[in-house]
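The values are calculated or read from the model by the stated rules, or taken from the named source; none is laboratory data. This one's a predicted model, so the numbers in the text were calculated from it and none came from an experiment. Quick reminder, even Gly has a Cβ in these numbers, built from the backbone with ideal geometry, and neighbours come from all protein chains shown. Please note that ligands, DNA and RNA were not included when accessible areas were found on the heavy atoms of the full protein model with its side chains. Shrake-Rupley method; radii C 1.70, N 1.55, O 1.52, S 1.80 Å.
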Amino acid sequence: MATKRIGRRVNGTTVYLLLAVGGLVSIAPYLMTLNAAFKPQSTLLSTQAWTPAVPATWSNFTQLWQQYDMSGFIVHTTIVAGVITIGQLVFTTMAAYAFARLDFPGREPLFWAFIAMMMVPQIVTLIPLFLIMSHLQLIDTYRALILPYVFGTPYGIFLVRQYFQTIPADLEAAARIDGAGTWAILRRIMLPLSKPILATLATITFVNTWNSLLWPLMATSSERDEVVTVGVAALQGQFASELHILLPAAAVALLPLVAIFLLFQRHIVRSIALTGLK
């Protein structure tokens, strides 16, 4: 028994060490970016990326904020990502509930045909999407950035639909016996039980929208509507040698995503297991 306990402890310790090493390797680039953002311009290229920023300086961030419209990029991206996230939560939830619970002709073929769209690369749809937005005279507006993605995605619908299917149908049947309609069941039963997956969907949608570059690069041409990825890319193109500006910009663009993940990490972990009442 003692030997088995020692073996289990050794195995557990080994697993935790491997996980710690893997986690450190994963976050090391972000830590080095944040560390380098605080280095003075004179020492940025003369030291290694992992060398501590001693002495640390805020002048890089001050220069970034004073000379470039970083705050505008952050505001624009927050508006676009926030609207798309809210829209996807609303429309994805309704579509997922219809595919998971409502019975209508052609439900399964329609669902799988819709899911097959996940296999289409984004690059294939960019030109047709640009032509549509150009025909509607929406290029270089918030609407061009928001409309293509606000009504949900195949991945989001699949994710929420699979979670809805883990919730016992007996709860819905009991609610219908009590006189609840479809909207009442969705609002009072399905949504409260689906907070983990909705938080996961919101996090994935916000992060993907925040990191999107190709479509915002095509759909906007003025700083009035530019998002943070386009702004950082422009800094890199114009001032490739001024790393003391580019690195703080990358760090500023990264911090909101870290905050979002830390805020919803508990719900994300719960949703990964697709837990539901049994």
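Taken about its Cα centre, the stretch 108-187 carries a charge dipole of about 160 debye when Lys and Arg each add +1 at the Cβ and Asp and Glu each add -1 at the Cβ.
Per residue, the average separation of C-alpha pairs within less than 8 Å and at least 6 apart gives the chain a relative contact order of 29 percent.
So which trypsin sites (Lys or Arg not before Pro) in the stretch 152-250 are both in a DSSP loop and have at most 14 other Cβ atoms within 10 Å of their Cβ? Please list the in-between numbers first.
Working: sites: R161, R176, R187, R188, R224; in loops: R224.
Counting only loop positions with at most 14 other Cβ atoms within 10 Å, the trypsin sites (Lys or Arg not before Pro) in the stretch 152-250 are R224.
A 1.4 Å probe over all protein chains sorts D225, D69, D178 by accessible area into D178, D69, D225, starting with the largest.
Assign one of three labels to the stretch 7-93, namely rounded, prolate or oblate, based on the Cα gyration tensor with a ≥ b ≥ c the square roots of its eigenvalues; rounded applies when a/c is under 1.5, prolate when it is not and a/b is larger than b/c, and oblate otherwise.
Numbers: a/c = 4.65, a/b = 1.11, b/c = 4.18.
Oblate is the answer for the stretch 7-93, as a/c is 1.5 or above yet b/c matches or exceeds a/b.
What shape does the stretch 70-129 take by its C-alpha gyration tensor, where a ≥ b ≥ c are the square roots of the eigenvalues and a/c under 1.5 counts as rounded, a/b above b/c as prolate, and the rest as oblate? Because a/c hits 1.5 or more and a/b fails to exceed b/c, the stretch 70-129 counts as oblate. Per residue, the chain reaches -23000 deg cm²/dmol at 222 nm when only DSSP H runs of four or more residues are counted, each adding -39500 (n - 2.57). Electrostatic tally near I115: other residues with Cβ closer than 15 Å to its Cβ, Lys and Arg +1, Asp and Glu -1, net +1. Rounded, prolate or oblate: which fits the chain when a ≥ b ≥ c are the square roots of the eigenvalues of the alpha-carbon gyration tensor, with rounded for a/c under 1.5 and prolate only if a/b beats b/c? Verdict is oblate for the chain.
With θ taken as phi - 60° and the Karplus curve 6.51 cos²θ - 1.76 cosθ + 1.60 applied, the whole-hertz 3J(HN,Hα) list for the stretch 245-251 is 9, 5, 5, x, 4, 5, 5 Hz, x standing for glycine and proline. Between the stretch 6-32 and the stretch 138-208, the alpha-carbon centres lie 35 Å apart. Whole-Hz Karplus values for the stretch 20-30 come out as 5, 5, x, x, 5, 5, 5, 8, 4, x, 5 Hz, taken residue by residue from phi with 6.51 cos²θ - 1.76 cosθ + 1.60 and θ = phi - 60°; glycine and proline positions read x. Rounded to the nearest whole Hz, the Karplus-based 3J(HN,Hα) values (6.51 cos²θ - 1.76 cosθ + 1.60, θ = phi - 60°) of the stretch 68-76 follow the sequence 10, 7, 5, 5, x, 4, 5, 5, 4, with x at glycine and proline. Each of the peptides 143-152, 99-108 was scored by the mean count of other Cβ atoms within 10 Å over its residues; in descending order, highest first, they stand as 143-152, 99-108.
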